[in-house]
Amino acid sequence: MERSLVYGSEAVIPIEISVETRRIQDFNTKKNEKRCMEDLDILEERREIALIKEAYYKQKLEKYYNK
């Protein structure tokens, strides 16, 4: 889940488009648009979770440093 903030989608190499791989054949534009909208809906929640984890990590690091 955390990786989606950075690595949210897969790349398609040009050869996959010209050769018509299974991945390209199974692509559905409407499903893709729906999935993108769902991802946008939960983006803010994922950002908040990442900020909370970052703050927790910084607190632990500060405690360790101040020992």
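Other residues lying with their Cβ under 11 Å from the Cβ of A55 contribute a combined charge of 0, Lys and Arg counting +1, Asp and Glu -1.
Among Y57, Y65, a tally of other beta-carbon atoms within 10 Å of each Cβ gives an order, fewest to most, of Y65, Y57. Legend: ranking of residues D26, D39 from fewest to most surrounding C-beta atoms inside 10 Å; resulting order D26, D39. Per-residue Karplus couplings for the stretch 48-64, computed as 6.51 cos²θ - 1.76 cosθ + 1.60 with θ equal to phi - 60°, are listed in order as 5, 4, 4, 5, 5, 5, 5, 5, 4, 4, 5, 5, 4, 5, 5, 4, 5 Hz, Gly and Pro entered as x. Distance between the pseudo-spin-label points of E62 and E45 (7 Å out from Cα toward the beta carbon): 2.9 nm.
Since every read-out is calculated from the coordinates, none of them should be taken as a lab result. Everything quoted here is computed from the prediction, not taken from an experiment. Counting neighbours? That spans all protein chains shown, and the Cβs are built from the backbone with ideal geometry, glycine included.
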